[in-house]
Amino acid sequence: MFEFWRRRRLRRAFRGYLLELGLALISRYGPQDQFTVKQVLATIHDLRLDGRFAAYAVALYRREASSNCVALLRLDQALLDSLRADIAQYLFAGDSSYGVSDVLSRVRTSGWQGGPAPDWMANKHGRTSL
């Protein structure tokens, strides 16, 4: 039963890392090949995302372990590669050589995706692109 709740929390945190964290990192620090551990942790804190699974966030947006990976998260290169392999199985069909741009390409924006306007009054008064 405990494992069920842990996996549920992990899925929720991972969803936040995909949908919110990547876009916030890009807007704060600009497009990069990989982000530093301190950038990722600070953004997680500022967005009030679940920090218990921060190692997965680092694995999403970083390829190589640094001294901060080891000092702050006890995440050496072997463990980072293992986390990246797990993420790759889930998102990238096993290809663990993904980068930040690949992660961000998985993010879908919500909102109007075309089709008729959900509000007929807006359509009647010409407030849509129809």
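The values are calculated or read from the model by the stated rules, or taken from the named source; none is laboratory data. Treat the numbers as computed from the prediction; the structure is a model and nothing was measured. For neighbour counting, all protein chains shown are included, and Cβ atoms are generated from backbone atoms with ideal geometry for every residue, glycine included. Quick note on the areas: whole protein, heavy atoms, side chains included, nothing else; ligands and nucleic acids left out. Shrake-Rupley method; radii C 1.70, N 1.55, O 1.52, S 1.80 Å.
Remarks
- Residues in the stretch 45-77 that are assigned to a helix (DSSP H, G or I), open to solvent by 10 Å² or more (accessible area, probe 1.4 Å) and closer than 21 Å to Arg15 by Cα: His45, Asp46, Leu47, Gly51, Arg52, Phe53, Ala55, Tyr56, Leu73.
- When we screen Ser101, Ser27 for residues that are at pLDDT 90 or above, part of a helix (DSSP H, G or I), surrounded by fewer than 16 Cβ atoms within 10 Å (Cβ to Cβ) and not charged (D, E, K, R), the only hit is Ser27.
- Note on the stretch 5-24: residues that are within 8 Å of the chain's Cα centre (by Cα) and either buried (at least 17 other Cβ atoms within 10 Å of the Cβ) or small (Gly, Ala, Ser) (or both) amount to 6.
- The stretch 78-98, subset of a type outside the set (A, V, I, L, M) and outside any helix (DSSP H, G or I), residue least open to solvent (accessible area, probe 1.4 Å): Tyr98
- In the stretch 31-44, the residues that are open to solvent by less than 30 Å² (accessible area, probe 1.4 Å) and not in a helix (DSSP H, G or I): Phe35
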